[in-house]
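Novice: Could you have a look at this structure, given as structure tokens, before my questions?
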Amino acid sequence: MNSVHPVSDVGRNAFARATRYDYRLTTAAPINAESNIYAEETPLEIDVHAGTEVGIVLAGSQERHFEDLVCPLVAGDVWLCATWEPHGWRTTAPRSRDVVLIFLPEFLGEEELGSLSWLSLFSAAARDRPQVTTPAMRERVLGLGGELFDELTNASPGWESAIRLDLLRLLLLLSRGWEPPRRSELKPSIRASNLPRLAPAIDLVHSRPLRRISLGEGAQACGLSRAQFCLLFRNTMGLSFGRFCRRSRLGRVAQLLLSTDLSTETIAGEAGFADGSHLHRAFVKQYGCTPGVYRAQALQQ
């Protein structure tokens, strides 16, 4: 396992735009676990990584951004983020506190939550993922968050097993009463073991962020036919390979808008778009606003 980050005061400079892309997760170290206290409100940051992410707000408030969706979160709320899904975040109150777990699918394996694979919760679109819905549920989430916080702080013998069990309890709690949208009896069961099968195509996309990767290239990288690859990718990741590639490139655009002063035209070229107009149309479709408005809103926070 990766080293655990102790509870720390991580208030950031108002102009910082740190972006974390590599948590160095491996089969031998499949999880990165953090417990954080933020001294002050933080600016919007864009993050994307190979691991699946689960977080709990323990105190204060935050925002989590997924494409055109902004999720205000308070103590007891949970966020879920799929592997390689670009997402933004910022704290909106001083002394906010959270627990964040980023892990490879091997960490949970083929565990099921009743009749659902745990991966089903993440393959749904961000707006369709389970949420905390009742005061009793919020109380239980805060209890599990406190247990995770203590395990990360104390790092007692067996803390890795304790974190895994608490994570499964949390996902089971979220899954109760939740149904994946557009569920079909013909749809194959989602399996975590499919993610490593898709890894060559996913790695290809993220190793070449400035180039469009075709469906044929993705299928070839995985040693699958185009039809096999399309079905496996959509059922496992919850979206088509083409949309995954566009989302990745636009995530790179959002990161550049926040972390640089580059013009939209320059960013369009860096991210593999034909020109600024092409980027403008694609960005509005995915994020619900123009690149200029997105940058301006972030700078005002």
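The values are calculated or read from the model by the stated rules, or taken from the named source; none is laboratory data. Since this is a predicted model, take the numbers as computed values, not measurements. Heads up, the Cβs are rebuilt from the backbone with ideal geometry, glycines too, and the neighbour counts pull from every protein chain shown.
Novice: Cβ-Cβ under 7 Å, sequence separation 6+ or interchain: first residue in region 44-59 and farther than 14 Å from Gly145 by Cα, partner among the basic types (Lys, Arg) and in a strand (DSSP E or B). Which pairs?
Specialist: So the pair list comes out as Leu44/Arg90; Glu45/Arg90.
Novice: Name the residue, out of Ser263, Ser240, that is of a type in the set (Gly, Ala, Ser), on the phi < 0 side of the Ramachandran plot, over 21 Å from the mean Cα position of the chain (by Cα) and not assigned by TED's automatic domain parsing to the domain that holds Thr42. Quick ask: steps written out before the conclusion?
Specialist: Working: Ser240 fails: over 21 Å from the mean Cα position of the chain (by Cα).
Step by step, each of Ser263, Ser240 is checked, and only Ser263 is of a type in the set (Gly, Ala, Ser), on the phi < 0 side of the Ramachandran plot, over 21 Å from the mean Cα position of the chain (by Cα) and not assigned by TED's automatic domain parsing to the domain that holds Thr42.
Novice: Follow-up question, since we're still on this one. Considering only residues that are at pLDDT 85 or above, surrounded by 15 or more Cβ atoms within 10 Å (Cβ to Cβ) and outside any loop (DSSP other than H, G, I, E, B), which ones fall in region 277-294?
Specialist: Leu279, His280, Ala282, Phe283, Val284, Pro291
Novice: If we keep just the residues of region 62-91 that are assigned to a loop (DSSP other than H, G, I, E, B) and among the small types (Gly, Ala, Ser), which is farthest from Pro135 (Cα to Cα)? Walk me through it before giving the result.
Specialist: Filtering region 62-91 down to residues assigned to a loop (DSSP other than H, G, I, E, B) leaves 67-68, 75-77, 82-86.
The next check asks that each one be among the small types (Gly, Ala, Ser); those that pass are 75-76, 82.
Working: Ala75: 11, Gly76: 9, Ala82: 26 Å.
In this case the residue turns out to be Ala82.
Novice: Tell me, yes or no, whether region 181-191 has at least one residue that is in contact with a Phe, Trp or Tyr (Cβ under 6 Å, 6 or more places away or on another chain) and either β-branched (Val, Ile, Thr) or at pLDDT 95 or above (or both). Give the derivation first.
Specialist: Pass one, region 181-191, residues in contact with a Phe, Trp or Tyr (Cβ under 6 Å, 6 or more places away or on another chain): none.
No; the residues of region 181-191 include none that is in contact with a Phe, Trp or Tyr (Cβ under 6 Å, 6 or more places away or on another chain) and either β-branched (Val, Ile, Thr) or at pLDDT 95 or above (or both).
Novice: Restricting to region 256-301, give me the number of residues that are in contact with a Ser or Thr (Cβ under 7 Å, 6 or more places away or on another chain) and farther than 21 Å from Pro43 by Cβ.
Specialist: Looking only at that region, the number is 4.
Novice: For the subset of region 29-47 comprising residues that are over 20 Å from Gln297 (Cβ atoms) and in a loop (DSSP other than H, G, I, E, B), which member is nearest to the chain's Cα centre (by Cα)?
Specialist: If we take residues in region 29-47 being over 20 Å from Gln297 (Cβ atoms) and in a loop (DSSP other than H, G, I, E, B), then Pro30 is nearest to the chain's Cα centre (by Cα).
Novice: Further, regarding this structure: Which one of these does Ser207 not meet: (1) of a type in the set (Ser, Thr, Tyr); (2) within 29 Å of Gly109 (Cα to Cα); (3) surrounded by 15 or more Cβ atoms within 10 Å (Cβ to Cβ)?
Specialist: With (1) of a type in the set (Ser, Thr, Tyr); (2) within 29 Å of Gly109 (Cα to Cα); (3) surrounded by 15 or more Cβ atoms within 10 Å (Cβ to Cβ) applied to Ser207, the lone miss is (3).
Novice: Could you please find all residues in region 60-83 being among the β-branched types (Val, Ile, Thr) and either modelled with pLDDT under 95 or crowded, with 21+ Cβ neighbours inside 10 Å (or both)?
Specialist: If we filter region 60-83 for residues that are among the β-branched types (Val, Ile, Thr), which is where we start, we get 70, 74, 78, 83.
Selection gives Val70, Val78, Thr83.
Novice: Is it the case that Leu239 is among the hydrophobic types (A, V, I, L, M, F, W, C) and in a loop (DSSP other than H, G, I, E, B)?
Specialist: Numbers: among the hydrophobic types (A, V, I, L, M, F, W, C): yes; in a loop (DSSP other than H, G, I, E, B): yes.
Here the answer is yes, as Leu239 does meet what is asked.
Novice: Could I ask something else about it? Can you name the residue in region 9-58 that is β-branched (Val, Ile, Thr) and closer than 21 Å to Ser259 by Cβ and, of all such residues, is modelled with the highest pLDDT? Working first, answer last.
Specialist: So the first thing to find is which residues in region 9-58 are β-branched (Val, Ile, Thr), and the list is 10, 19, 26-27, 31, 37, 42, 46, 48, 52, 54, 56-57.
Among the residues that remain, those that are also closer than 21 Å to Ser259 by Cβ are: 10, 19, 42, 46, 48.
Numbers: Val10: 32, Thr19: 36, Thr42: 91, Ile46: 84, Val48: 83.
Once the filter is applied, the top-ranked residue is Thr42.
Novice: Mind checking which pairs have a first residue in region 119-147 that is farther than 16 Å from Leu69 by Cβ and a second that is basic (Lys, Arg) and outside any loop (DSSP other than H, G, I, E, B), Cβ under 8 Å, 6 or more apart or different chains?
Specialist: Close Cβ pairs satisfying both conditions: Val132/Arg138; Leu144/Arg169.
Novice: Just name the residue that is nearest to Leu195 (Cα to Cα) out of those in region 206-236 that are among the charged types (D, E, K, R) and not in a helix (DSSP H, G or I).
Specialist: Kept after step one, since they are among the charged types (D, E, K, R), are these residues of region 206-236: 208, 211-212, 217, 226, 234.
If we keep only those that are not in a helix (DSSP H, G or I) too, we end up with 208, 211-212.
Values: Arg208: 19, Arg211: 22, Arg212: 21 Å.
For region 206-236, the residue satisfying everything is Arg208.
Novice: Identify all residues within region 259-276 that are surrounded by fewer than 13 Cβ atoms within 10 Å (Cβ to Cβ) and either within 21 Å of Val205 (Cα to Cα) or in contact (Cβ under 8 Å) with a residue 40 or more places away in the chain (or both); write none if there are none.
Specialist: Ala274, Asp275
Novice: What single numbered condition from (1) free of Cβ contacts under 8 Å to residues at least 60 places away in the same chain; (2) touching an Asp or Glu at 6+ places or on another chain (Cβ under 8 Å) fails to hold for Leu152?
Specialist: All conditions pass for Leu152, except number (1).
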